[in-house]
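Engineer: Handing you a structure now.
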Amino acid sequence: MKLKAPRGTVDILPEQARKWQFVEEQIKNVCNRFHFEEIRTPLFEHTEVFQRGVGDSTDIVQKEMYTFDDRGGRSLTLRPEGTASVVRAFVENKLFGNPNQPVKLYYFAQMFRYERPQKGRMRQLNQFGVEVMGSADPAVDAEVIDLAMTIYKKLGLKSLKLVINSLGDNESRASHRQALVDHFTPVKDELCHDCQTRLTQNPLRILDCKTDKDHPAMKTAPSILDYLNEASKAYFDQVQDYLTMMDIDYVVDKNLVRGLDYYNHTAFEIMSEAEGFGAITTLTGGGRYNGLAEELGGPDTPGIGFGMGLERLIMALEAENVEMPIDRQLDCYLVAVGEDASKEAVRLVHELRMNGIQIDKDYQERKMKGQFKAADRLNAKYVLILGEDELEKQVVNVKEMATGEQAEIPITSLMENMQEKLLGGNEHA
RNA sequence: GCGGUCGUGGCGAAGUGGUUAACGCACCGGAUUGUGGCUCCGGCAUACGUGGGUUCGAUCCCCACCGGUCGCCCCA
């Protein structure tokens with residue numbers, strides 16, 4: 001085989017696409033209930049949007065972006081995540097001036113990250129995400145988390161774990177950062193190479209390092225929760241209170257650190273605990289990013305959001321054997337026999353479709369028996385038979401496949417007859 | 001970027017250092033002059049990832065590469 005999809009990309013074929021349609025439909029339904037509105041932003045942005053938004057020190061920006069120069073010499077990047085783009089759009093389009101605050105947005109979008117693919121990790125991935133801009137109410141944090149959990153619940157996932165943490169405001173983060181540096185600097189030489197870099201770049205990230213997780217200094221490392229100032233602590237407490245009020249189970253993990261620079265205050269992850277799900281368990285990651293809008297040139301605007309991996313969501317649904325209504329069926333299949341009837345079939349199928357009937361026909365010059373096999377394979381409810389005899393009499397034999405019952409219907413009343421059978425007789429295209 | 005493992009027809013899956021590479025599924029046709037799901041019969045396909053090497057000869061042995069897959073790092 002010569003041409004293949006690029007590494008880390010997949011084709012979603014019809015059978016699988018039905019699952020996607022189902023999942024997307026359910027999610028949109030929940031979004032509507034929560035009164036979120038869709039936003040669509042470009043697939044690529046100026047590279048600077050992500051450098052400034054996501055942060056230069058992050059793995060994403062340092063080694064995972066698909067960046068290229070266009071013919072005009074501009075550096076562009078295929079979006080590796082959704083938040084920076086949405087906030088850029090929020091700022092550029094002055095949505096902060098919209099009287100309806102906060103602005104509650106959702107999106108479905110492909111993301112691109114240059115990584116080694118494995119189970120649950122693709123170079124092109126699909127995310128559903130939400131962003132709420134313009135409110136610093138901890139109830140919004142809870143609402144966003146509730147939205148994600150509601151989606152999973154509606155879809156039928158059970159083995160989930162919600163983990164939350166607070167990264168605090170700038171003042172809290174700064175004092176915690178200094179504490180981390182003071183704590184780890186004496187043992188710097190004992191840490192892994194990455195962590196030695198992190199010590200100066202982003203000491204917070206040392207906390208979720210897998211390599212050094214057993215180092216004695218890890219256990220005694222200063223926790224962000226001990227460095228939250230009063231306002232940050234009060235904020236985090238309120239978020240938890242709201243979650244409790246909504247009966248949303250969660251655990252606080254003081255080592256939960258998100259990989260992107262823009263987060264502060266609430267950070268959360270939702271993981272699957274289903275058997276056989278693979279090594280990668282994070283389904284959703286999100287958090288608050290007050291200050292990001294300002295970083296991207298807009299007014300200081302609070303925001304919070306999350307990204308939900310749809311490949312992983314569908315994997316989780318499959319791992320938990322959740323039933324998805326994806327059985328394909330066909331209302332009618334037209335079986336035509338003979339040259340004249342085959343020609344007439346084209347017109348008849350067109351006319352039925354114009355009148356709201358779902359119908360297909362043979363295009364492979366199959367024999368009658370073959371056409372019936374095709375109809376059966378396609379799960380057709382009715383087969384309309386048009387042969388020389390029927391054509392002569394200007395009728396069509398309509399066979400109900402489930403019962404085998406068959407009746408002769410004049411072509412002149414066929415439309416009405418089928419509409420009655422399939423649409424209840426009162427719906428029209 | 002690193003490591004394990006794998007790479008035979010549309011799919012699944014045997015197999016051998018040597019003239020025709022099993023079989024199953026699927027598909028098409030026939031048995032049933034115009035009617036599906038069962039059965040029987042027949043048909044079907046440019047299949048051994050790519051490039052080198054060893055050999056009289058390689059799908060099978062060796063090497064490299066590519067790709068899939070799983071894991072590490074990190075994340076969705």
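The values are calculated or read from the model by the stated rules, or taken from the named source; none is laboratory data. No experiment lies behind these values; they were computed from the predicted model shown. With ideal geometry, Cβ positions are generated from the backbone for all residues, glycine too; neighbour counts draw on all protein chains shown. Please note that ligands, DNA and RNA were not included when accessible areas were found on the heavy atoms of the full protein model with its side chains. Shrake-Rupley method; radii C 1.70, N 1.55, O 1.52, S 1.80 Å.
Engineer: Which residue, of A:Met122, A:Met149, is among the hydrophobic types (A, V, I, L, M, F, W, C), within 16 Å of RNA strand B (Cβ to nearest atom) and modelled with pLDDT under 95? Working first, answer last.
Structural biologist: Numbers: A:Met149 fails: modelled with pLDDT under 95.
Just one listed residue meets the conditions, A:Met122.
Engineer: So, restricting to helices (runs of 4 or more DSSP H) that lie completely within the stretch A:1-112, which ones have at least 3 residues that are among the charged types (D, E, K, R) and away from RNA strand B (no atom under 16 Å from the Cβ)? Outline the logic, then answer.
Structural biologist: Numbers: elements: A:14-33, A:47-53, A:59-63, A:83-92.
The helices (runs of 4 or more DSSP H) meeting that bar are A:14-33.
Engineer: Collect the residues in the stretch A:158-174 that are away from RNA strand B (no atom under 13 Å from the Cβ) and buried (at least 17 other Cβ atoms within 10 Å of the Cβ), keeping them in residue-number order.
Structural biologist: A:Ile164, A:Ser166, A:Gly168, A:Asp169, A:Ser172, A:Arg173
Engineer: Being farther than 17 Å from A:Val383 by Cβ and modelled with pLDDT under 95 is the filter here; which residues of the stretch A:399-414 pass it?
Structural biologist: Listed by number, the residues that qualify are A:Thr412, A:Ser413.
Engineer: Say whether the condition of being more than 31 Å from the chain's Cα centre (by Cα) and within 16 Å of RNA strand B (Cβ to nearest atom) is met by at least one residue in the stretch A:221-237.
Structural biologist: yes
Engineer: Separate question: Can you go through A:Lys219, A:Lys254 and tell me which one is of a type outside the set (A, V, I, L, M, F, W, C), open to solvent by 80 Å² or more (accessible area, probe 1.4 Å) and in the same structural domain as A:Ala142 (by TED's automatic domain parsing)?
Structural biologist: A:Lys254
Engineer: Cβ contacts < 6 Å: first residue at positive phi and open to solvent by 30 Å² or more (accessible area, probe 1.4 Å), restricted to the stretch A:260-283; second residue more than 8 Å from RNA strand B (Cβ to nearest atom) and small (Gly, Ala, Ser), any location; separation 6+ or different chain. Result?
Structural biologist: Between residues of the stretch A:260-283 that are at positive phi and open to solvent by 30 Å² or more (accessible area, probe 1.4 Å) and residues that are more than 8 Å from RNA strand B (Cβ to nearest atom) and small (Gly, Ala, Ser), the close pairs are A:Gly276/A:Ala319.
Engineer: When the stretch A:237-271 is examined, which residues are found to be farther than 22 Å from A:Glu171 by Cα and assigned to a helix (DSSP H, G or I)?
Structural biologist: Result: A:Asp241, A:Tyr242, A:Leu243, A:Thr244, A:Met245.
Engineer: Out of the stretch A:5-35, which residues are touching an Asp or Glu at 6+ places or on another chain (Cβ under 9 Å) and open to solvent by less than 30 Å² (accessible area, probe 1.4 Å)? Before the answer, list the steps.
Structural biologist: Applying the first criterion (touching an Asp or Glu at 6+ places or on another chain (Cβ under 9 Å)) to the stretch A:5-35 yields A:5, A:8, A:10, A:18-19, A:28, A:31, A:34.
Those that are touching an Asp or Glu at 6+ places or on another chain (Cβ under 9 Å) and open to solvent by less than 30 Å² (accessible area, probe 1.4 Å): A:Gly8, A:Cys31.
Engineer: Another question about this same structure. Quick check on my filter: what residues within the stretch A:291-314 are farther than 20 Å from A:Gly97 by Cα and either surrounded by fewer than 18 Cβ atoms within 10 Å (Cβ to Cβ) or hydrophobic (A, V, I, L, M, F, W, C) (or both)?
Structural biologist: A:Phe306, A:Met308, A:Leu310, A:Leu313, A:Ile314
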